[in-house]
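Participant: What follows is a single structure, and I will ask about it in a moment.
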Amino acid sequence: MASEFIYDSARRPLPFWEELIALWAYRDLVRQLVARDIKVRYKRSVLGVVWTMLNPLLMMVVLTLVFSHLFRWDLPHYPVYLLSGTLLWNFFAQTTTLATQQLVWGGALLSRIYVPRTVFAVSALGTGLVNLTLALIPLGLIMLVTGVSFHPALIFLPLSIFLAAAFTLGISLLLSSVAPLFPDIVEMYQVILTAWYFLTPIFYPVKILPPQYRFWLKLNPMHHLIAAFRGPIYEGVFLSGEGLLGTMVLALGTLSLGWFIFTKRADSIIYRL
């Protein structure tokens, strides 16, 4: 409970740990913010939470009709390939955007009472995870309809989601640490996301890229995270050896960097909002 946290300015631990301890003490607030975001998002929607499942499904139908017929890629079970990549990308894009926006919108609250500065990014992540979990339901239905087997590798899917969540939170914190200094970062980030989307093999297979360009995919973190998420679903395999280790280092390293930079600047953030 928030009342259990005692703030003593004379005995402050390192910001990295101080924020983590405070966030745990305010975990009920995080849950309330997640519940609020879910309710507000679907309050005036006729379909309500069902839209979370229907939205990616409709997008998959449109993109499947366009790309599978227009470009005629020889990719079996293309709807599952497309939807699995789209779900994880939407989770990343929507969560990082929401986290940055919520910090700016929550500036008035931060200037009046003490709450952990990371609470907005973590609550945005919680909202994104709820939406991603709901969106897995239509993905499972599409797998059944198209005849894609449910492989034992699916037991590793929670690990894939955890790694994606760690990377997403890290990017969210990095963006949130810059947003108070450069308010235009939110609009700029949307442009970056658009370019990033097309540079990531989400709706097209890797094999269509010329060999000399495939090297650059190794520098695209979302390519590795989507591969870790898509593998158990579409191919029935999970990353192993060097691929798994590299993805874990990428995700946890980004989270640690984002947490370190954000918490180091947390005290000055409220004065710039």
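Participant: Do we have residue 7 as modelled with pLDDT of 80 or more and hydroxyl-bearing (Ser, Thr, Tyr) here? Outline the logic, then answer.
Facilitator: On the way: modelled with pLDDT of 80 or more: no; hydroxyl-bearing (Ser, Thr, Tyr): yes.
Spelling it out, it is not the case that residue 7 is modelled with pLDDT of 80 or more and hydroxyl-bearing (Ser, Thr, Tyr).
Participant: Give me the pairs, please: first residue somewhere in region 15-42 and in a helix (DSSP H, G or I), second residue anywhere and among the charged types (D, E, K, R) and open to solvent by less than 50 Å² (accessible area, probe 1.4 Å), beta-carbon distance under 8 Å, and either six or more positions apart or on two chains.
Facilitator: 19/117
Participant: Determine if region 128-137 includes at least one residue that is farther than 27 Å from residue 256 by Cβ, modelled with pLDDT under 90 and either open to solvent by less than 20 Å² (accessible area, probe 1.4 Å) or outside any helix (DSSP H, G or I) (or both).
Facilitator: Checked against the condition, which is being farther than 27 Å from residue 256 by Cβ, modelled with pLDDT under 90 and either open to solvent by less than 20 Å² (accessible area, probe 1.4 Å) or outside any helix (DSSP H, G or I) (or both), region 128-137 yields at least one hit.
Participant: Shifting gears a bit: Given (1) within 21 Å of residue 225 (Cα to Cα); (2) surrounded by fewer than 20 Cβ atoms within 10 Å (Cβ to Cβ); (3) at pLDDT 85 or above, where does residue 75 come up short, assuming only one miss?
Facilitator: (3)
Participant: Just one of (1) of a type in the set (Phe, Trp, Tyr); (2) open to solvent by 70 Å² or more (accessible area, probe 1.4 Å); (3) modelled with pLDDT of 90 or more trips up residue 182, so point out which.
Facilitator: (3)
So that you can scan it fast, the table gives a plain yes or no per residue for (1) over 23 Å from residue 128 (Cβ atoms); (2) open to solvent by less than 90 Å² (accessible area, probe 1.4 Å); (3) over 14 Å from the mean Cα position of the chain (by Cα):
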position: 154; (1), (2), (3): no, yes, yes
position: 158; (1), (2), (3): no, yes, no
position: 165; (1), (2), (3): no, yes, no
position: 170; (1), (2), (3): no, yes, no
position: 189; (1), (2), (3): no, yes, yes
position: 198; (1), (2), (3): no, no, yes
position: 207; (1), (2), (3): yes, no, yes
position: 231; (1), (2), (3): no, yes, yes
position: 248; (1), (2), (3): no, yes, yes
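Participant: Just for helices (runs of 4 or more DSSP H) wholly inside region 191-273: which have at least 1 residues that are of a type outside the set (A, V, I, L, M, F, W, C) and modelled with pLDDT of 95 or more?
Facilitator: Helices (runs of 4 or more DSSP H) meeting the threshold: 221-230, 242-264.
Participant: Same structure, new question: Which one of 57, 20, 33 is open to solvent by 40 Å² or more (accessible area, probe 1.4 Å) and either within 25 Å of residue 89 (Cβ to Cβ) or at pLDDT below 80 (or both)?
Facilitator: After applying the criteria, what remains is 57.
Participant: If you check 240, 177, which single one turns out to be over 16 Å from the mean Cα position of the chain (by Cα), of a type in the set (S, T, N, Q) and exposed (fewer than 14 other Cβ atoms within 10 Å of the Cβ)?
Facilitator: 240
Participant: Return yes or no: is residue 263 in contact with a His (Cβ under 6 Å, 6 or more places away or on another chain), among the polar types (S, T, N, Q) and open to solvent by less than 90 Å² (accessible area, probe 1.4 Å)?
Facilitator: no
Participant: Among the residues of region 168-187, which ones are in a loop (DSSP other than H, G, I, E, B) and either closer than 21 Å to residue 247 by Cβ or in contact with a Ser or Thr (Cβ under 7 Å, 6 or more places away or on another chain) (or both)?
Facilitator: The one that is in a loop (DSSP other than H, G, I, E, B) and either closer than 21 Å to residue 247 by Cβ or in contact with a Ser or Thr (Cβ under 7 Å, 6 or more places away or on another chain) (or both): 179.
The values are calculated or read from the model by the stated rules, or taken from the named source; none is laboratory data. Quick caveat: nothing in here was measured; it's all calculated off a predicted structure. Glycine gets a Cβ as well: all are built from the backbone with ideal geometry, and neighbour counts include every protein chain shown. The area values use the complete protein model at the heavy-atom level, side chains included, leaving out ligands, DNA and RNA. Shrake-Rupley method; radii C 1.70, N 1.55, O 1.52, S 1.80 Å.
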